[in-house]
1. I'd like to know which of 50, 84, 110 lies farthest towards the positive end of the charge dipole of region 2-181, counting +1 on Cβ of Lys and Arg and -1 on Cβ of Asp and Glu.
2. With 21 Å as the limit, write out which pairs from 78/108; 26/108; 24/180; 26/156; 24/108 have Cα-Cα distances beyond it, or answer none.
3. Taking every pair of Cα atoms in region 15-62, average 1/r, invert it to obtain the Kirkwood radius, and report Rg/Rh to two decimals.
4. For the chain, what is the mean residue ellipticity at 222 nm derived from helices alone (per DSSP H run of n ≥ 4: -39500 (n - 2.57); sum divided by total residues; nearest 500 deg cm²/dmol)?
5. Gain in length, residue 151 to residue 132, computed as 0.36 nm per residue apart minus the alpha-carbon separation, to one decimal in nm?
6. When 164, 90 are ordered from fewest to most other Cβ atoms inside 10 Å of their Cβ, what list results?
7. Expressed as a rounded percentage, what relative contact order does the chain have, with Cα pairs under 8 Å and six or more residues apart?
8. Under unit Cβ charges (Lys, Arg +1; Asp, Glu -1), what dipole magnitude, rounded to 20 debye, does the chain have relative to its Cα centre?
Amino acid sequence: MGTTMLARLNHDHKHIAILLNILKVKHNRLAQGEAVNFNLIRDVVEYMQSYAEHSHHPLEDIIYSYYLKKTAETGTEKLADQHQGLIDASASLMASLNLILSDVVVSKEQLVLDLKAYVILQEDHMLFEERDIFPRWAEVIDQTDWQEIRALCSLKLIDDPLFSDNDNVLFEELRDYITKDE
């Protein structure tokens, strides 16, 4: 049971990594003054907002607080702080992209910096979880715990709108791009 929860989180990370690689490619093109598809970039950020921030991160927060209760550890706020930081970064990037897509002039230099910072923030965060947080959970949380956690998480467990078999048209262009790209 637990392995499936952790497997799901790790699985999400692999998918997020694919999207971050797309952002890196777009970032490099922008930095070189080439034209990029801003709709595609916005779709990636929108995915991060609609899935990572509404399902993936909340699951991690729920599991972490369960873990802290169980171990009576005084946890740092690092995980929650990082999640909040990512929400802020996505929102700010989304605001810039929406301006660009509404033909408002936005500093390309700033966008290049913001994109780079966003990717680094996301990657550092996943690395922190994979190296530091997930292994601790795997050690301490047993099958019974995972069943309780699953019940606590049920409200936040949504289908991945991009990397699943459902016919979600929301990210159609992005899905096509990833499929062609691979």
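Rule-based calculations on the coordinates, nothing more; no lab input. Please read all numbers here as calculations on a predicted model, not as lab measurements. Note that we place each Cβ from the backbone using ideal geometry, even for glycine, and neighbour counts take in every protein chain shown.
1. My answer, from the dipole projection, is 110.
2. Distance filter (> 21 Å) returns 78/108; 26/156.
3. 1.10
4. -23500 deg cm²/dmol
5. Working it through step by step, the gained length comes to 4.4 nm.
6. 164, 90
7. Over the chain, the number comes to 40 percent.
8. Using only the charged Cβ atoms, the result is roughly 240 debye.
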